[in-house]
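Novice: Supplied in structure tokens, the structure appears directly below.
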Amino acid sequence: VQLQASGGGLVQAGGSLRLSCAASGMPVSAITIGWYRQDPGNQRELVATINSGGNTFYADSVKGRFTISRDIPNNTGYLQMNSLKPEDTAVYLCAARRKNIPGYEFWGQGTQVTVSS
């Protein structure tokens, strides 16, 4: 599976961005997609996931503001980020794993999200 992340940028606090994770090699309906973020000096944080059944998970820090989804015909995962805060500033990475595999096997490159106050 190859993953291509895009959609990052610079936005003011309160604004929105949508990140995309285009997948090839396996249908998104058969994998779990996860979005992580990492900024310098901090550990990588799991932000949101969507599994093959469409069930979602969100970190408490983004619950109610971010929405993870997938477009099966276009084989792409998305992370809609609303009400962005400066503390959301980080490199965002998408990852994927097959069913019943405990760890993420496939990683895309990061996309920078910067939220100005």
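Novice: Modelled label-to-label distance, S24 and N100, 7 Å Cα→beta-carbon offset: nm?
Specialist: Inter-label distance under the simple model: 2.9 nm.
Novice: Please report, in whole Å, how far the alpha carbons of the stretch 60-117 spread along each principal axis, starting with the longest.
Specialist: 40, 22, 21
Novice: Moving to a separate point now. Mind listing the phi-derived Karplus ³J(HN,Hα) values for the stretch 88-97, rounded to whole Hz, using 6.51, -1.76 and 1.60 with θ = phi - 60°, and x for any glycine or proline?
Specialist: 7, 4, 4, 8, 9, 10, 9, 9, 9, 9
Novice: Might you report the magnitude of the Cβ-based charge dipole of the chain about its Cα centre, with Lys and Arg at +1 and Asp and Glu at -1, to the nearest 20 debye? Walk me through the numbers on the way to the answer.
Specialist: Working: 10 positive and 7 negative charges, 47 e Å.
Taking the Cα centre of the chain as origin, the dipole is about 220 debye.
Novice: For the stretch 30-80, what does the equivalent ellipsoid look like in terms of its semi-axes, each the square root of 5 times an eigenvalue of the Cα gyration tensor, given largest first in whole Å? It would help to have the intermediate numbers written out before the result.
Specialist: Values: eigenvalues 89, 28, 18 Å².
Equivalent ellipsoid semi-axes, largest first: 21, 12, 10 Å.
Novice: A further question on this structure: Near the amide H of V47, under 5 Å away, which other amide H atoms are found, from residues 5 or more places off or on another chain, if H is placed in the peptide plane?
Specialist: Under 5 Å from the amide H of V47 lie the amide H atoms of W35, Y36, R37, each far enough along the sequence or on another chain.
Novice: Using only the Cα atoms of the stretch 1-111, construct the convex hull and provide its projected area averaged over every direction, in square nanometres to one decimal. Write out the running numbers ahead of the final one.
Specialist: On the way: hull surface 25.9 nm².
Value for the stretch 1-111: 6.5 nm².
Novice: Quick one: Karplus J couplings for the stretch 74-83, per residue in order, coefficients 6.51, -1.76, 1.60, θ = phi - 60°, nearest Hz, x for Gly and Pro?
Specialist: For the stretch 74-83, the Karplus curve yields 8, 6, 9, x, 9, 10, 8, 10, 10, 6 Hz.
Novice: Okay, next question. At most 14 other Cβ atoms within 10 Å and a DSSP loop assignment: could you name the trypsin sites (Lys or Arg not before Pro) in the stretch 34-117 that fit? Show your work: numbers first, answer last.
Specialist: Working: sites: R37, R44, K63, R65, R70, R97, R98, K99; in loops: R44, K63, R65, K99.
Passing both the DSSP loop test and the Cβ count: R44, K63, K99.
Novice: Shifting gears a bit: Heavy atoms only, probe 1.4 Å: what % of the accessible area of the stretch 1-71 goes to carbon and sulfur, would you let me know?
Specialist: Numbers: 1600 of 3590 Å².
C and S atoms contribute 45 percent here.
Novice: Still on this structure, I have one more. Given the Cα-Cα distance of S61 and S116 and 0.36 nm per residue of separation, how much length would full extension add, in nm?
Specialist: Working: separation 55, 0.36 × 55 = 19.80 nm, distance 1.78 nm.
Between S61 and S116, full extension yields an extra 18.0 nm.
Novice: With a 1.4 Å probe and every protein chain left in place, work out the accessible area per residue of the chain in Å², rounded to a whole number. All intermediate terms of the calculation are to be shown ahead of the outcome.
Specialist: On the way: 5900 Å² over 117 residues.
Roughly 50 Å² per residue, with all protein chains present.
The values are calculated or read from the model by the stated rules, or taken from the named source; none is laboratory data. In this text, all values refer to a predicted model and were calculated from it rather than measured experimentally. Because the Cβ atoms are built from the backbone with ideal geometry, glycine has one as well, and the counts that use them run over all protein chains shown. Keep in mind that these areas ignore ligands, DNA and RNA; they rest on the heavy atoms of the full protein, side chains included. Shrake-Rupley method; radii C 1.70, N 1.55, O 1.52, S 1.80 Å.
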